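Each remark here refers to the structure printed beneath this line.
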Amino acid sequence: MAAEKESSDTGGGSSVWGVLTMAFVLVLGLSASYFLSRPMPEQARAVWNAKADADAERLASTFVLLLDHANSPLQSLATLFNGSGRVAADEFENTIDYLKGHTSDAFPESMGFLTKSQPSSCSDDDGCWMVAYSTDTSGVLRPGSDVSRFGPTITTINTALENENSLVIGSVFEGETGSPYSYYAVTIRNTRQFGVVVSLIDYESVVARMYDEWVPHGMRLRLEASFSNGGEMTTPRFIIGDEESEEGSSRSISVPAEIDGAQFNLVWDVTEDYAGGPQTLAGTFALYAGIFATLFLVLLIRSLFRAAG
């Protein structure tokens, strides 16, 4: 009888210890699983954000390079003028044909050489800015056109004159379809000619090329810009996109860039589709793996205590 009582007491004690051990392991395992997996989604989002930041910086550099490439024909044309006593119309046309044949990037829609003269149509005693040579046939830069009557052009000319020998980007204006444009310009001064050479910047074309070749899915660009105007910068305005972020964006990344006197702010709206979204699956997997491992360990302990009892 005494032996049976001792055995019963031992079994009861073993049962209590088993329950306590399983409860301790269960609480410890579930708590560890929760606290270890909890930072993982935040870490995944931080990695995802860092990747988006790096892509935004890279794309801003690409935008600067594309604008720089867009002005390369203008630089070549300016070199021709500044290195000559006088450039005739046929030299201008031959140079344009040569540049078109040796330019891998999209060639400017129009380029022209502007000089100050006083035809009968000019009422300004100081003369009017006229298009001497041009690749344009029907637009503002068509040969013989008085560009003094077109505000964006004369503003660009004045900015170029204030910054002689430096490339400048003139204020933005809207084309016939509402698309944003600016003029690249640089002053020309040789022994027999003085004026300004200009080329047209098509911002939508530049941005479209970026989307075609470099912008990843899930990122959208809004382009804000400010331009030199009479020694002061114009009020920043969005020339691509609106002030409000794209619908469905989770965050926006702003990258400033200064190019030939113009100040740009490239605002990249990032959606959850970018790069497949934050990789939060690892955190969920770690949580459930920890739970299942804890339950397995509890069942194993329960079996061991039963076998020992």
Quiz item: Say R0 is 22 Å: what FRET efficiency, to the nearest 0.05, do THR234 and VAL64 get from their beta-carbon distance?
Solution: 0.65
Exercise. On a C-alpha basis, how far is the centre of the stretch 196-221 from the centre of the stretch 80-148 in Å? Whole number, if you could?
Key: 25 Å
Quiz item: Out of the stretch 128-198, which trypsin sites (Lys or Arg not before Pro) are coil in DSSP terms and have no more than 14 other C-beta atoms within 10 Å?
Solution: ARG192
Practice problem: Place +1 on the Cβ of every Lys and Arg and -1 on the Cβ of every Asp and Glu in the stretch 203-254, take the dipole about the Cα centre, and give the residue among PRO216, SER245, PHE227 whose Cα lies farthest towards its positive end. | Solution: PRO216
Quiz item: Applying 1/(1 + (r/R0)^6) with R0 = 30 Å to the Cβ-Cβ distance of ASN265 and SER120, what FRET efficiency is obtained, to the nearest 0.05?
Solution: 0.10
Quiz item: Tell me, what % of the accessible area of the stretch 111-203 is carbon and sulfur with a 1.4 angstrom probe?
Solution: 42 percent
Quiz item: Mind listing the phi-derived Karplus ³J(HN,Hα) values for the stretch 64-77, rounded to whole Hz, using 6.51, -1.76 and 1.60 with θ = phi - 60°, and x for any glycine or proline?
Solution: 4, 5, 5, 5, 5, 5, 5, 9, 4, x, 5, 4, 5, 5
Exercise. Order the peptides 222-228, 47-53 from the highest to the lowest mean number of other Cβ atoms within 10 Å of their residues.
Key: 222-228, 47-53
Self-check item: Whole-Hz ³J(HN,Hα) from phi, Karplus 6.51 cos²θ - 1.76 cosθ + 1.60, for the stretch 170-177, glycine and proline x
Solution: x, 4, 6, 9, 9, x, 4, 8
Quiz item: Mind ordering 158-170, 109-121 by average Cβ neighbours within 10 Å, highest first?
Solution: 158-170, 109-121
Quiz item: the stretch 173-255: percent of C-alpha pairs farther apart than 17 Å?
Solution: 63 percent
Practice problem: Note the full-extension length gain between ARG251 and ASP90 as 0.36 nm times their separation in residues minus their Cα-Cα distance, in nm to one decimal. | Solution: 52.6 nm
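The values are calculated or read from the model by the stated rules, or taken from the named source; none is laboratory data. Just so it is clear, the model here is predicted, and its values are computed rather than measured. Positions of Cβ are generated from backbone atoms using ideal geometry, with glycine treated the same way; all protein chains shown enter the neighbour counts. Side chains are part of the model used for accessible areas, which takes the heavy atoms of the whole protein and leaves out ligands, DNA and RNA. Shrake-Rupley method; radii C 1.70, N 1.55, O 1.52, S 1.80 Å.
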